[in-house]
Every structure is written in C-alpha cells, then in structure tokens.
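The structure appears below as structure tokens.
The values are calculated or read from the model by the stated rules, or taken from the named source; none is laboratory data. Since this is a predicted model, take the numbers as computed values, not measurements. Cβ placement follows ideal geometry from the backbone for every residue including glycine, while neighbour counts extend to all protein chains displayed.
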C-alpha cells in the first residue's frame, strides 16, 4: 500500500530518453569479444542499448577495476587483498584503461556498422560506495573509512564520469544515460563490510552521509548527460528511499526478490513509483534456467508487485523497463542472447499485454 508519510525530493522522469515498452540489460555479458558484444546489444536491445562489460577478460575488466580506470588524478594497483590506491598508474591501472578504450572502439564500430546512432546509450559505472568499499588506501584501510579520501574519490569519480559521458556521446552520437551500480551499499549501511584483514568490520556509514555522497555523483552524472540517472542495487532489501532522496531518476532492482519484503520497503517502492521514478525491473534469469520460461512466467513478479502496491497494471507500460535480474556474465552466450530477446518481448508486452494477463 502506498504511503504519503514523507515528502521526498526526487528527480521525476517526465520525458525519459527511452520509449514506453523499453528493455535493457544491467551491463555484463559473457565472453571477451567486445565488438561481438556491442553488435549483439545494439541488435537485441535497440530502445536502450548499453556499453557491454566483459569481466571474463580478467583484472581491470571487473566492476571495480573498470571504474577505477575512469578516476581523474587517482590510480590503483592490485595487491593480494584487492585493489589499492597507488601513487602513479602502473600496469594494473593501465590494463583497466586499455579494456575501456577497446570497449569504446567496439561500440563506435558497431554503431557505424548499424548505420544509425541509437536514441540513447546506457553506460554503467560503479557507484561511489561500492567503489570505495572495494579499494584500499596505501595503509591498508578501505577508502570509505577516511572522510578526506571519500571526498577526493567522489570528486575524482564525478570528473571521470563527465569525461566518459562526453567520450561516449562523441563516439556514438547518442544521448548518454548513466547507471550507477551500488550492490555494496546495503552492506555499507549495515556495518557488515569486513576490513581488508578480515579480522574486523568497517563501522556503518550513517544514512545522511551515504545519501549526500551518492547525491553528489548523481548530480554530476545528470548534469553531464541531461538525462535521468539510474541507480542499480540488486540486493534483496535495496535502500529505495535513500536512493530516491539522493536524486535517482530510475531504480534498477531485482523484482523476483520483492515477494515477501517488509511493509516499510513496499511503501518506499510505492512512494517512489508514485513520484514518477521509473523502475527497471529485473525479471529475466541472469544464468541459464533449467527450462525456458514463458513470457507470463517472467512477468508474474512484476504483475504481483503492481497489484500488491495498488497501481493499475498500465504503469508497467509507462514507468517500467524490463531487464535481467542482474548482469549476464555468468550465463552462456546462447542464454545471454536469448535473455535479451525475451527482455525485449517482455517490455513490449508491458505496453500491449496479452489477453491472458
């Protein structure tokens, strides 16, 4: 049930760059061929294609290393405990930069082969809290434990995002939409993040601090693109109200995990949807399923969510985008392509539902 207990400032999505009935992916794909991945995404998800991520390529292609490659005046290296800030770019940092450059070359070539630029192109960047959770300072503590380092990383990421958006726009001719990936944010808020040594826990970050830092990066991305910013969090209990308060114009969540959420979270989702924020609903399995699901099977979590919150089902056609539940890096190439096609079909069905729905 929707609640009006709080008035929250949010970025309404009045004219999103994606049309009704759109579908997209979360970001990652299997394999290591950047041109093939870009070509498939442009073909299967024409309404909102994205710059593919290929973590199977190894170090520097993972979500932390990939986004670290965007940082301005900050560099990382890889040590036994993970990524760590270093004084100057070395081979580990350059590897991430090279992967990203090849991805940009691939999407530019794929768009050229297609003969026309898409209306919008989505890019995925690790959000500030997940990024700062996954990188250590030189003395071994996580970046998020140091206020000065947090501020420096937030500013560096914001500047790197602006440059990245400009580069993608120049290479593709498309409007750019930024997705910030924050799978680690709930752990940060809960104080459940272990220290790099594994012998302790990092203290919980207060919600106002988490919101303000995320809001700064969202604002930078929105200013650079002129488009709503998507925040993705596929945790079972995403901090929906915080993400909305931070200015997210769209939220990407795993809809298959929302069946038995607490009433407070249901209210947050309802308030968010009612405010005009678009929900990117994760509905397609991110790995090969045991059997091929029907379109109705895939739609059921979304239909139940709408009914439970008391919205007309038409909201799925106007304020929802169909996606897989998470990235497809763990899927076979065959299922990844099939999942994209089914996601596209599901998005269209949200606008023109079959009579059996």
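Per the listing 121, 132, the residue uniquely free of Cβ contacts under 8 Å to residues at least 60 places away in the same chain, crowded, with 22+ Cβ neighbours inside 10 Å and either closer than 29 Å to residue 156 by Cβ or touching a helix residue (DSSP H, G or I) at 6+ places or on another chain (Cβ under 9 Å) (or both) is 132. Considering (1) within 30 Å of residue 63 (Cα to Cα); (2) out of contact with any strand residue (DSSP E or B) (no Cβ under 7 Å at 6 or more places or on another chain); (3) surrounded by 14 or more Cβ atoms within 10 Å (Cβ to Cβ), the lone condition that residue 329 does not fulfil carries the number (2).
In the range 192-202, which residue that is part of a loop (DSSP other than H, G, I, E, B) and farther than 14 Å from residue 132 by Cα is modelled with the highest pLDDT? Looking at the filtered set, the residue picked out is 192.
Against the numbered list (1) within 21 Å of the chain's Cα centre (by Cα); (2) without any contact (Cβ under 8 Å) to a residue 60 or more places away in the chain, residue 26 comes up short only at (2). Scanning the range 223-267 for residues that are part of a loop (DSSP other than H, G, I, E, B), modelled with pLDDT of 95 or more and within 11 Å of the chain's Cα centre (by Cα) yields a total of 2.
Residue 15 falls short on exactly one of the conditions (1) touching a residue at least 12 places away in the same chain (Cβ under 8 Å); (2) surrounded by fewer than 21 Cβ atoms within 10 Å (Cβ to Cβ), and that condition is (1).
Residues considered: 146, 219, 181. Of these, the only one that is free of Cβ contacts under 8 Å to residues at least 12 places away in the same chain and surrounded by 15 or more Cβ atoms within 10 Å (Cβ to Cβ) is 146. When residue 112 is tested against (1) on the phi < 0 side of the Ramachandran plot; (2) touching a strand residue (DSSP E or B) at 6+ places or on another chain (Cβ under 8 Å), just one condition goes unmet, and that condition is (2). Taking the conditions exactly as written (at pLDDT 95 or above and closer than 21 Å to residue 24 by Cα), does residue 169 satisfy them or not? The answer is yes for residue 169. Only residues that are closer than 16 Å to residue 50 by Cβ and buried (at least 19 other Cβ atoms within 10 Å of the Cβ): list them for the range 150-170, please. 161, 164, 165, 168, listed by residue number. The number of residues in the range 72-82 that are surrounded by 24 or more Cβ atoms within 10 Å (Cβ to Cβ) and either under 16 Å from the mean Cα position of the chain (by Cα) or in a loop (DSSP other than H, G, I, E, B) (or both) comes to 0.
Checking each residue in the range 195-209 for being within 23 Å of the chain's Cα centre (by Cα) and closer than 13 Å to residue 146 by Cβ picks out 205, 209. Among the residues of the range 292-313, is any closer than 22 Å to residue 61 by Cβ, surrounded by fewer than 23 Cβ atoms within 10 Å (Cβ to Cβ) and touching a residue at least 12 places away in the same chain (Cβ under 8 Å)? The answer is no; no qualifying residue exists.
Going by what's in this entry, would residue 289 be described as in a loop (DSSP other than H, G, I, E, B) and touching a residue at least 60 places away in the same chain (Cβ under 8 Å)? In short, no.
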